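Let me begin by presenting the structure, written as structure tokens, before commenting on it.
Each value in this text was obtained by applying a stated rule to the coordinates, not by laboratory testing. Computed from a prediction, not measured in an experiment: that's the story for all the values here. Cβ placement follows ideal geometry from the backbone for every residue including glycine, while neighbour counts extend to all protein chains displayed.
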Amino acid sequence: MNTMNTVSLLYGVEYTLLDPLPETLIQDEPLLIGLKLRNTGLTPWLVSGYPVLVVIRWFDRQGNMVIELPWRALPHPVPANESTTIELRIDQTPPPGEYVLTIELVEHQVAWFRDKGVQPFSHLIRIKPPQGPRITVINGNCVANDAVGKHVAAQIRALAEAGFRPLLLTEFIDDRIPRSLRRFMVTVNLDDILRPNAQTRRFAEHFYGSAVIIVNFSTYYNLVELIRYAQTPVLFDYHGITPPEIWGFGQPGYEELVRGVSNLSNLLKFADYAVAHSRFTANELIATGAIACSRITIIPYAVVDKVAYADSPDLNLLQQYDLSGKYVLLYVGRMARNKSVHVLVESLPLIRTQYPNTVLLLVGDTSHVYASYVAEIKARAKELGVAEAVIFTGRQERDIRDFYQLCDIFVTASIHEGFVCQ
């Protein structure tokens, strides 16, 4: 962390970077800054009345201001000697050259902190000429530890490392994704691109100025309609749609799956090329008749090699879930109905007749989207007399390898997966 502390009696700030800032940027390459601000003065920072605001500016080496970005509000009031954390997005840079990026505070209509002797945070950055074409990636969301979310994040990383200028347009970004990737992602709605305002015009320009547009599709979402307005080649990245009937009528997400199935061919006809991740999903695309077979490529999902799943288990986890001396069957994934977790539960009594110390460890999201199915699973386990042997961990933030190291066998009964090579 890089910390800078400037203070007067009434006004004072300690700036602490949560991630290092780059020494170089490509012109208009987005930057996402994580910053901790500690109030080291006596004046409380308010968010109403006379609010304290964050001001970001670019200066040339002669001290002339080149760009002033819109002022940002603090997320909450900050009393003296307390702190807040803020993320600052920068989408606009000066032309190529050397510049000083500054971050400072102003008490609106009262005083600039620098006029009270508080120096702005400053960082020298060299701006390089634009390199590589723009590429727009589109998906409904980008969720950490979700299969499609990880795939989309990997797309962004690979494109950036290859020298392209990627931008993900999405309706939700998980803040657990590293800032180094989230800087290439923005949350927008359809109107933000089709009828942009001052804040979203830059994103619309990126979309219409892209050399290629990649549209990910696994369920219906509003932003997918942008495929109809693309003015450059479109790559349709198809992950397969869970059949609504096995998802469950009335369950959260059911209507989106229905619309995904019914709109697949209408959307696909706007694509120039398509990617499927198994023969099964490729056949689904072919069956629509909306795209020629010759324009569909099968690219299996990437796998990670040498991830140390066989290392010794974490003793704290063994104790937390009371797994010592037991056979552990492990399932990892969302508690979605199409995963057929209830089938795993129903097999457990038979297994325990031969191996009484067997337990089923279910690692994955049990949130409200899946709550009704989780309740059914628990009821079925109780009915079969194995409730104490079925362990739900909920969604986990820690490295998933830790859970694989606990198990004897990985098990799944899923009846629909986009990666299955059929």
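For a footprinting-style exposure proxy, rank 65, 185 by other Cβ within 10 Å, fewest first.
Going from least to most buried by this count: 65, 185.
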| Percent antiparallel among DSSP beta bridges with both residues in the range 3-128, to the nearest 5? | 95
| remark: Calculated from DSSP helices alone, with each H run of at least 4 adding -39500 (n - 2.57) and the total divided by the residues of the chain, [θ]222 nm to the nearest 500 comes to -6500 deg cm²/dmol
| So what's the angle, to the nearest 10 degrees on a 0 to 90 scale, between helix 341-354 and the longest Cα principal axis of the chain? | 50
| task | Sorted from largest down, give the three principal axis spans of the alpha carbons of the range 134-298, whole angstrom values. | result | 41, 36, 31
| With 5 Å bins from 0: P(r) over the range 117-196, alpha-carbon pairs, percent | 3, 13, 22, 20, 15, 12, 8, 4, 2, 1, 0
| field | Hydrodynamic radius of the chain per Kirkwood, over alpha carbon pairs, in Å | value | 24.8
| query | If only Cα atoms are counted, what is the Rg of the range 1-91, and what is its Dmax, in Å? | reply | 14.2, 40
| field | Counting all C-alpha pairs of the range 315-410, share separated by more than 16 Å (%) | value | 52
| note | Among GluC sites (Glu not before Pro) in the range 376-407, those in a DSSP loop whose Cβ has at most 10 other Cβ atoms within 10 Å are 397
| remark: Along the range 279-289, Karplus-curve 3J(HN,Hα) (6.51, -1.76, 1.60; θ = phi - 60°) to the nearest Hz, with x for Gly and Pro, reads 4, 4, 6, 4, 5, 4, 5, 4, 5, 6, x
| Long-range Cα-Cα pairs in the range 221-305 (distance over 23 Å), rounded percent | 27
| field | Relative contact order [Cα under 8 Å, 6+ residues apart], the chain, whole percent | value | 10
| How about the range 345-422: which trypsin sites (Lys or Arg not before Pro) there are in a DSSP loop, with at most 16 other Cβ atoms within 10 Å of their Cβ? | 395, 398
| For the residues 278, 372, what sequence is obtained by ranking on other C-beta atoms within 10 Å, fewest first? | 372, 278
| query | Taking neighbour Cβ counts within 10 Å as the exposure measure, how do 407, 142, 293 sort from fewest upward? | reply | 293, 407, 142
